[in-house]
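The values are calculated or read from the model by the stated rules, or taken from the named source; none is laboratory data. What you see is a predicted model, and the numbers here were worked out from it, not measured in a lab. Here the Cβ positions follow ideal geometry from the backbone for every residue, glycine too, while neighbour counts run over all protein chains shown. All accessible areas refer to the heavy atoms of the entire protein, side chains included, with ligands and DNA or RNA removed. Shrake-Rupley method; radii C 1.70, N 1.55, O 1.52, S 1.80 Å.
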Amino acid sequence: MRTANRHQHKKGNGEGAIRHRSDGRWEARYYTTSGMRRTRHSIYGQTRQAVAKGLRECLANTDTGFAPGQGNISLAIYLSRWLDSIRQSVKPTTLEKYTRDVNHHIIPAVGHFRLDKLEPRHISMLYTDMIQSGLSPTTALHVHEVLHRALDQAQRWGLIYRNVAALVDRPRRNAFVIQPLSLAEARQFLEAAKQDRLHALYVLAITAGLRQGELLALTWENIDLSAGNISVCGTLQHLAGAGYIVTPPKTKRSVRRVELTQQALSALRAHKVSQSAERAVAGTVWENSAFVFTTAAGGPINAANLLHRSFFPLLARANLRRIRFHDLRHTAATLMLQGGVHPKIASEILGHSSIAITLDLYSHVTPSIQRQAIRVIDTMLWDPE
């Protein structure tokens with residue numbers, strides 16, 4: 001009797017036939033029918049649990065439009081169906097990013113290859129061509145992550161036997177450089193912002209450290225001017241074909257309540273008065289979007305327009321170097337830590353998922369924090385009474 005037969009297992013609930021082969025691997029067998037033709041398929045793995053999981057996924061894929069073994073379709077067709085299959089399981093913004101990477105980068109370059117004929121060299125050349133064309137390594141990395149996820153699903157569905165994206169070196173992400181404003185520069189920036197209709201937005205960005213999308217998603221219901229705090233509940237996103245939507249923040253801890261400085265409260269009160277005046281001028285064309293920061297007609301603000309029509313010109317008027325909007329958030333974090341705010345509190349204000357992220361991102365501030373700590377200890381132990 002062969003060893004494989006001695007280890008034959010009855011199929012579990014919804015599993016199919018699974019056996020332990022003489023070469024040490026586990027095998028799951030199942031059949032598909034097309035017309036009058038019945039085809040046997042096998043899944044191999046090192047453990048029974050692994051092949052049982054693969055078998056369940058293959059048998060459960062009747063809604064994907066694929067039959068196991070259909071790796072002879074083009075990558076372009078597969079990716080289109082894969083995007084449809086994840087539509088209900090990812091955020092709309094994530095789906096839009098995946099779709100953009102698939103349609104703009106992956107399909108034009110390698111979409112014509114058969115799914116089961118795609119090779120690591122094809123993927124490697126895709127990344128090389130992207131970078132040589134002037135795109136950043138970070139963009140290539142994002143494409144890699146999408147392709148890897150898509151092919152991983154194809155492997156679980158039994159369409160291919162290996163994920164070729166896993167066999168290619170990941171493009172290296174661009175070095176992340178934080179460029180916060182110094183204290184003097186922050187004062188210079190806020191002084192110039194006093195003449196901007198979005199003065200309150202910039203005060204919040206530097207004093208509370210809100211992300212751009214969080215600022216643009218704020219409604220007046222999120223702001224308690226009497227208690228002096230705001231509730232960050234979402235981020236504003238623009239989706240092609242769907243318009244503006246407010247999506248959940250980046251992490252669970254991004255949903256937070258932030259106490260406001262007196263300068264921020266004063267700026268918000270003045271902004272509310274100015275917005276009422278703009279509403280009166282706009283009359284019937286005013287859009288009742290309920291957002292705190294709007295266009296002159298009351299509609300949501302486009303993130304790109306905020307940068308090019310307000311933020312970058314404001315930096316120029318303030319005679320400051322050009323930075324990213326997100327660097328205002330980094331400025332807020334740096335000033336907090338340099339001012340002696342405990343990293344745990346700063347982490348909560350910023351909405352980081354853990355204090356480790358805060359300490360890692362702003363390690364450049366650590367030396368000054370250590371010097372402050374040493375001075376405190378010095379004073380406590382040796383300061384004369």
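Of note:
- Dipole in debye (nearest 20) - segment 136-215, about Cα centre, beta carbon charges: Lys, Arg +1; Asp, Glu -1: 220 debye
- Restricting the GluC sites (Glu not before Pro) of segment 215-310 to loop positions (DSSP other than H, G, I, E, B) with no more than 14 neighbouring Cβ atoms within 10 Å leaves Glu287.
- Residue among Asp101, Asp196, Asp360 with the largest mean-square fluctuation in a Gaussian network model of the chain, springs linking Cα atoms under 10 Å: Asp360
- Sequence-separation-based contact order of segment 211-303, relative, with Cα cut under 8 Å and 6+ spacing, percent: 29 percent
- Under the criterion of Cα pairs below 8 Å and six or more residues apart, the relative contact order for segment 251-328 equals 14 percent.
- The portion of the accessible surface of the chain made up by carbon and sulfur, rounded to a whole percent, is 52 (1.4 Å probe; DNA, RNA and ligands excluded).
- With DNA, RNA and ligands ignored, accessible area of Lys53 (1.4 Å probe; Å², nearest 10): 110 Å²
- The chain, relative contact order in percent, only Cα pairs under 8 angstrom and at least six apart counted: 12 percent
- Spatially close lysines, pair count over the chain: Cα under 22 Å, gap of eight or more or interchain: 9
- Accessible heavy-atom area order of His199, His326, His308, highest first, probe of 1.4 Å: His308, His326, His199
- Gaussian network model of the chain, springs between alpha carbon atoms under 10 Å - residue of Arg156, Arg375, Arg197 with greatest fluctuation: Arg375
- When segment 226-300 is described by a simple charge dipole with +1 on each Lys and Arg Cβ and -1 on each Asp and Glu Cβ, the residue from Leu239, Leu265, Asn229 located farthest towards its positive end is Asn229.
- Theoretical ellipticity at 222 nm over the chain - DSSP helices of four or more residues, -39500 (n - 2.57) apiece, nearest 500: -13500 deg cm²/dmol
- Computed over segment 96-190, the quotient of the alpha carbon radius of gyration and 2.2 N^0.38 Å is 1.44.
- Averaged per residue, the chain has 56 square angstrom of accessible surface, using a 1.4 angstrom probe with ligands and nucleic acids left out.
- Most to least accessible of Ser266, Ser310 (protein chains only, probe 1.4 Å): Ser266, Ser310
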